[in-house]
Amino acid sequence: MLLLDHIRNSSIYQLLRGVHNSNEGNLLEITDSQTAEAQIELIRYAHTLYSIKDILEIGFNKGMFSLLISHINSHVAGGDVYILGIDVNPLANEAAKILNRSTPLSIDFQCEDSTTLVPKLNSNRSFDLAWVDGNHEYSYALQDLKNVSALGVPIILLDDTNMHTVQQAYQDWLNITPTYTELTNPFLAYDSRKARLFINRNTFVV
């Protein structure tokens, strides 16, 4: 059985689906299977590049990304993972509660606009990976990338670059942020949402 099928058949997945009604897609639920599997493999690939224990997740929604991390980490990295999840929808807090009591994850959910919360994070606070999937308007997407890269996160995964606004945001961000470069996503051709991977040049030799 594929990991995608295993997760979709789990009771936790069904609980998370019922957290709130949303027409927004997420990487496990409202998406085609090929795209979901491509994004699963991208996150697995990120785990081969770096030891991922602390994660910043912008756009927590129903917690599907975190659910996936709980499965991948148990096989790749081992041990507990801390996730700071950010979302403007207060109903997303229920997803965090479900995951906290049902998985080894330690999730700190913050109901706030990521563009105002992330700059307030302690400068000494470090994250190994950031999943950026918040507001897809150009100005928000660009600000999220600026704020996350200011923290020096080794790996940034950006979802939905199939959208023109997000595509323009990451291209402009790379032009003004020389410390980051895009690393080829080996699964991009199979991902209709075109999640992309960026690495910190100060962490990786490129």
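Considering only residues in the stretch 92-105 that are modelled with pLDDT under 95 and closer than 15 Å to I55 by Cα, the one that is nearest to the chain's Cα centre (by Cα) turns out to be L105.
Give me a count of the residues in the stretch 50-65 that are assigned to a helix (DSSP H, G or I) and under 8 Å from the mean Cα position of the chain (by Cα). Matching residues across the stretch 50-65 total 1.
When you look at D113, is it closer than 30 Å to D172 by Cβ, acidic (D, E), at pLDDT 95 or above and surrounded by 23 or more Cβ atoms within 10 Å (Cβ to Cβ), yes or no?
Working: closer than 30 Å to D172 by Cβ: yes; acidic (D, E): yes; at pLDDT 95 or above: yes; surrounded by 23 or more Cβ atoms within 10 Å (Cβ to Cβ): no.
No: the conditions fail for D113.
Residues that are under 18 Å from the mean Cα position of the chain (by Cα) and at pLDDT 90 or above occur in the stretch 14-23; there is at least one. Residues in the stretch 140-156 that are touching a strand residue (DSSP E or B) at 6+ places or on another chain (Cβ under 7 Å), open to solvent by less than 10 Å² (accessible area, probe 1.4 Å) and in a helix (DSSP H, G or I): D144, L145, V148.
Going by the conditions given, is A130 buried (at least 18 other Cβ atoms within 10 Å of the Cβ) and of a type in the set (A, V, I, L, M, F, W, C)? Give the steps one after another, and end with the answer.
Values: buried (at least 18 other Cβ atoms within 10 Å of the Cβ): yes; of a type in the set (A, V, I, L, M, F, W, C): yes.
It is true that A130 is buried (at least 18 other Cβ atoms within 10 Å of the Cβ) and of a type in the set (A, V, I, L, M, F, W, C).
Between L84, L99, which is surrounded by 20 or more Cβ atoms within 10 Å (Cβ to Cβ) and assigned to a strand (DSSP E or B)? Give the steps one after another, and end with the answer.
Numbers: L99 fails: assigned to a strand (DSSP E or B).
Result of the check over L84, L99: L84.
Here is a check on your reading of the model: is K62 of a type outside the set (S, T, N, Q) and in contact (Cβ under 8 Å) with a residue 60 or more places away in the chain? Against the criterion (of a type outside the set (S, T, N, Q) and in contact (Cβ under 8 Å) with a residue 60 or more places away in the chain), K62 does not qualify. Going through (1) more than 16 Å from Y13 (Cβ to Cβ); (2) in a helix (DSSP H, G or I) one by one, Q39 falls short only on (1).
Among residues of the stretch 142-164 that are polar (S, T, N, Q), those with a Cβ under 7 angstrom from a residue that is assigned to a helix (DSSP H, G or I) and surrounded by fewer than 20 Cβ atoms within 10 Å (Cβ to Cβ), sequence gap 6+ or separate chain, pair up as Q143/T115; N147/T115; N147/P119; T161/Q167.
A Cβ distance below 8 Å, combined with a sequence gap of six or more or placement on separate chains, defines the contacts here; from the stretch 110-122, residues that are in contact (Cβ under 8 Å) with a residue 24 or more places away in the chain reach residues that are open to solvent by 70 Å² or more (accessible area, probe 1.4 Å) and outside any helix (DSSP H, G or I) in the pairs C111/V88; C111/P90; E112/V88; D113/V88. Would you be able to say whether some residue in the stretch 157-166 is more than 26 Å from I30 (Cβ to Cβ) and buried (at least 17 other Cβ atoms within 10 Å of the Cβ)? Among the residues of the stretch 157-166, not one is more than 26 Å from I30 (Cβ to Cβ) and buried (at least 17 other Cβ atoms within 10 Å of the Cβ), which makes the answer no. Return the residue satisfying two criteria in turn: it lies in the stretch 180-194 and is in a loop (DSSP other than H, G, I, E, B) and out of contact with any strand residue (DSSP E or B) (no Cβ under 6 Å at 6 or more places or on another chain), and of such residues it is most open to solvent (accessible area, probe 1.4 Å). Per the criteria, the residue is T184.
Could you go through the stretch 165-184 and let me know if any residue there is among the acidic types (D, E) and under 17 Å from the mean Cα position of the chain (by Cα). First the steps, then the outcome.
The initial filter retains those residues of the stretch 165-184 that are among the acidic types (D, E), namely 172, 182.
When the remaining residues are screened for being under 17 Å from the mean Cα position of the chain (by Cα), the result is 182.
Yes, some residue in the stretch 165-184 is among the acidic types (D, E) and under 17 Å from the mean Cα position of the chain (by Cα).
The values are calculated or read from the model by the stated rules, or taken from the named source; none is laboratory data. Since this is a predicted model, take the numbers as computed values, not measurements. When we count neighbours, we look across all protein chains shown, and the Cβ atoms used for this are built from the backbone with ideal geometry, even at glycine. For the accessible areas, the whole protein counts, side chains as well, though only heavy atoms, and no ligand, DNA or RNA atoms are used. Shrake-Rupley method; radii C 1.70, N 1.55, O 1.52, S 1.80 Å.
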